[in-house]
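Have a look at the structure below, then the notes.
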Amino acid sequence: MINAVGQAQSVLVLGGGSEIAGAILRALPAARLQRVVLAGRRSSVMEERAAELRGRGIADVETVDFDARDTASHGAIIDAAFDAGDIDIVLLAFGVLGDQEALESDPAAAVDLVTANYVGAVSVGLHVARRLRQQGHGRLVVLSSVAGDRARRANYIYGSSKAGLDAFAQGLGDALAGSGASVLVVRPGFVRTTMTQGMSEAPFATDADAVAAIVVAALAKGRETVYAPAVLRPVMAAIKALPRGVFRRLPG
Amino acid sequence: MLTGWGRTSPTAATLCAVHDEADVVDAVGAATPERGILARGLGRSYGDSAQDAGGIVLDMTTMSGFTRDGSTLRAQAGASLDDVLRAIVPEGYFVPVTPGTRFVTVGGATAADIHGKNHHVEGSFGAHVRRMRVVTGTGEVVECAPGSDAFAATVGGMGLTGVITEAQVDLLPIATSRMRVDTERHADLDALMAAMTQGDHQYRYSVAWVDSLSPAGRGVLTRGDHASLADLPAGTDDPLAYDPRPRLGAPPWMPSGALNRASTRAFNEAWFRRAPRERRGEITSIPAFFHPLDGVRHWNRVYGPRGFLQYQFVVPDDASALVGLALQRLREAGAPSFLTVLKRFGPGHDAPLSFPMQGWTLAADIPARIPALRDVLDALDGEVIAAGGRHYLAKDSRMSAQTLSAGYPQLARWRAMRDALDPRGVFASDQARRLGLTLGSAP
């Protein structure tokens with residue numbers, strides 16, 4: 001249970017290797033945190049994160065194989081995590097960025113990316129929602145992206161997957177109203193992580209710790225949508241209002 | 001969506017109205033251990049005691065009948081002290097214990113083993129309960145009395161041993177419905193506590209309000225008893241007249257910051273100045289003396305949408321320094337509190353989860369939105385435990401499982417009694433989940 005001052009006891013991370021999820025785990029008030037489940041593709045990053053969490057004194061840390069594309073496996077993975085005890089916060093943090101140019105000439109790879117980012121999220125998101133509804137409490141944090149607000153020429157395949165994810169997460173939040181569970185949609189801008197290494201930074205670039213601080217504050221306030229950094233809310237509102245002809249000519 | 005009085009941590013449950021004991025037996029029989037079942041009264045516990053996320057919550061307020069036979073009250077669990085007082089005060093009786101609000105149920109008062117301004121003399125509510133009927137986890141109706149395990153585990157048991165359906169409670173005969181009150185203002189905490197140590201035993205009722213923002217810890221001590229006929233002015237029409245009426249209502253929506261240091265400072269200053277330096281024998285009413293906040297409907301809304309919590313602990317007499325320390329820590333954390341109450345407890349009840357023990361109890365209302373609060377309260381928890389004290393479950397919305405078990409040395413004994421009453425493990429609450437209260441329980 002999340003207590004009156006926002007101290008959670010259990011967290012499930014879908015995308016256990018995600019840097020932003022790692023930063024959120026560091027930023028959450030952790031005095032009552034006793035159980036963390038990291039679900040993701042087996043990786044040294046995820047194992048190191050698990051070791052770090054154990055080192056912080058969190059009693060019960062486990063890693064679970066989870067592939068967003070393998071939707072048939074999702075039900076059993078989510079049930080196993082919730083059967084072992086209530087989960088207060090679920091971070092839906094997996095996602096693939098891809099190389100737009102390569103994707104454009106390889107439709108199968110594009111389908112694979114969209115399957116992970118969107119189809120996988122719909123599948124696992126619905127399983128999580130079913131269990132949150134049953135337990136009558138809990139927060140689902142969905143890492144969307146400003147790329148979903150308006151798809152750019154330079155990354156519209158990734159952008160379209162995030163647009164789908166974002167619309168799904170908002171609808172899911174509305175569907176869960178009154179169930180005790182709720183959804184927080186997070187729309188970061190350009191975040192400096194290994195996923196974006198080597199790419200030229202977009203304006204208002206931020207880092208994982210800054211995103212994490214915004215997510216933790218938004219959870220405390222019970223917000224449903226949050227931009228990181230916050231200035232991207234008006235910026236994206238303006239960008240969404242631009243006529244196609246103008247938007248197409250923008251750099252990047 | 002259900003919350004406690006502090007409006008923090010809302011969760012969803014299936015609310016189910018019960019009209020008689022048979023309804024309760026049916027509901028408990030049908031309940032499963034997955035999400036469990038819990039009785040809820042008027043929702044005045046501050047935290048998550050009366051919530052059961054994903055489970056079944058029985059609304060006991062539809063079982064609210066009661067009768068009086070001499071000085072014995074026989075009440076269904078959902079009867080409110082408000083309704084009881086309206087009936088019995090004009091007949092010359094008073095409830096044995098009342099908290100700061102009359103909007104609590106008899107069942108809740110027993111399950112939380114509540115205390116009032118008379119604890120130093122007359123103990124907690126459970127000490128005045130003679131018998132009760134409890135629907136246990138197997139759906140059996142148990143009639144129990146002091147001395148039995150079922151009784152001891154249920155008094156203060158936070159509804160986790162069974163559903164109380166009915167209780168017999170001893171009443172206090174009164175000659176009038178008025179209170180005779182002595183008020184003293186004290187410039188600092190030491191003087192206030194000295195006055196309480198020296199004089200509390202001369203009064204049935206005693207409580208002190210402390211100015212949480214004053215570094216000296218100034219406060220106002222009010223003590224009194226029920227007025228006798230001789231105390232009333234000549235020509236008083238009806239010495240037992242009782243007419244509690246809510247005067248104001250807080251608006252349904254308040255901005256999060258409305259209650260801040262400035263408004264609290266202004267309130268505390270006014271409250272302190274309003275009290276006379278010393279006044280003896282003032283005649284006042286029962287609502288004005290016991291339930292001043294009940295005059296404002298929904299006063300819990302003044303803390304805004306993020307809600308508030310009440311930090312209440314008790315420490316033994318030899319650790320009285322903790323009172324000043326706690327006030328200092330809360331002040332330093334920038335936690336404005338207009339309701340900070342200090343009281344001396346008498347000896348505790350033998351029920352293993354009963355809160356009161358001989359010593360000092362401090363209760364402070366604090367807005368939940370202050371981030372520094374987490375660590376300050378966690379550190380204070382440690383100090384209270386080290387001093388041999390503990391925290392009140394009916395107010396708790398945030399403590400740790402370790403703080404709970406360190407404060408209640410009889411927890412294991414209570415768990416064993418509880419398991420015997422609920423072998424299937426169907427009784428559950430958000431608080432029990434958060435604190436692992438029923439941990440080790442079957443299955």
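Between B:307, B:359, the distinction of being in contact with an Asp or Glu (Cβ under 9 Å, 6 or more places away or on another chain), on the phi > 0 side of the Ramachandran plot and open to solvent by less than 10 Å² (accessible area, probe 1.4 Å) belongs to B:359 only.
Summed over region A:200-247, the residues that are β-branched (Val, Ile, Thr), within 21 Å of residue A:155 (Cα to Cα) and not in a helix (DSSP H, G or I) give a count of 1. Taken as a whole, the structure places residue A:250 among residues that are farther than 24 Å from residue A:116 by Cβ and not in a helix (DSSP H, G or I). Checked against the criterion of being in contact with an Asp or Glu (Cβ under 6 Å, 6 or more places away or on another chain) and charged (D, E, K, R), the candidates A:69, A:49, A:35 yield just one match: A:35. One residue alone among B:437, B:404 is open to solvent by less than 10 Å² (accessible area, probe 1.4 Å), assigned to a loop (DSSP other than H, G, I, E, B) and either assigned by TED's automatic domain parsing to the domain that holds residue B:143 or not basic (Lys, Arg) (or both), and that residue is B:437.
Please find, among B:375, B:430, the residue that is open to solvent by 40 Å² or more (accessible area, probe 1.4 Å), closer than 30 Å to residue A:214 by Cα and within 14 Å of chain A (Cβ to nearest Cβ).
B:375
Taken across region A:134-147, residues that are more than 14 Å from chain B (Cβ to nearest Cβ), part of a helix (DSSP H, G or I), under 18 Å from the mean Cα position of the chain (by Cα) and not hydroxyl-bearing (Ser, Thr, Tyr) do occur, with at least one present. Being under 28 Å from residue B:305 (Cα atoms) and within 14 Å of another protein chain (Cβ to nearest Cβ) is a property that holds for residue A:213. Of everything listed in (1) of a type outside the set (A, V, I, L, M); (2) part of a helix (DSSP H, G or I); (3) in contact with a Pro (Cβ under 6 Å, 6 or more places away or on another chain), the single unmet condition for residue A:6 is (2).
So, residue B:351, is that one more than 14 Å from chain A (Cβ to nearest Cβ) and closer than 25 Å to residue B:199 by Cβ or not? Judged against the criteria, residue B:351 is not a match.
Yes or no, residue by residue, for (1) touching a residue at least 24 places away in the same chain (Cβ under 8 Å); (2) surrounded by fewer than 18 Cβ atoms within 10 Å (Cβ to Cβ); (3) within 14 Å of another protein chain (Cβ to nearest Cβ):
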{"position": "B:273", "(1), (2), (3)": "no, yes, no"}
{"position": "B:276", "(1), (2), (3)": "yes, yes, no"}
{"position": "B:281", "(1), (2), (3)": "yes, yes, no"}
{"position": "B:288", "(1), (2), (3)": "yes, yes, no"}
{"position": "B:295", "(1), (2), (3)": "yes, yes, no"}
{"position": "B:301", "(1), (2), (3)": "yes, no, no"}
{"position": "B:339", "(1), (2), (3)": "yes, no, no"}
{"position": "B:344", "(1), (2), (3)": "yes, no, no"}
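The listed residues are B:145, B:109, B:150, and the only one of them that is hydrophobic (A, V, I, L, M, F, W, C) and within 20 Å of residue B:206 (Cα to Cα) turns out to be B:109. Here the strands (runs of 3 or more DSSP E) wholly within region A:24-123 that include at least 1 residues being over 27 Å from residue A:228 (Cβ atoms), open to solvent by 20 Å² or more (accessible area, probe 1.4 Å) and at pLDDT 95 or above are A:60-65.
Give me the strands (runs of 3 or more DSSP E) completely within region B:118-213, filtered to those with at least 3 residues that are open to solvent by 30 Å² or more (accessible area, probe 1.4 Å) and of a type outside the set (Ser, Thr, Tyr), ordered by residue number.
Because the criterion is at least 3 residues that are open to solvent by 30 Å² or more (accessible area, probe 1.4 Å) and of a type outside the set (Ser, Thr, Tyr), the strands (runs of 3 or more DSSP E) in region B:118-213 that meet it are B:129-135, B:141-144, B:163-170, B:178-186.
The values are calculated or read from the model by the stated rules, or taken from the named source; none is laboratory data. What you see is a predicted model, and the numbers here were worked out from it, not measured in a lab. Glycine also receives a Cβ, built like all others from the backbone with ideal geometry; neighbour counts cover every protein chain displayed. To get the accessible areas, we keep the full protein, side chains included, count just its heavy atoms, and leave off ligands, DNA and RNA. Shrake-Rupley method; radii C 1.70, N 1.55, O 1.52, S 1.80 Å.
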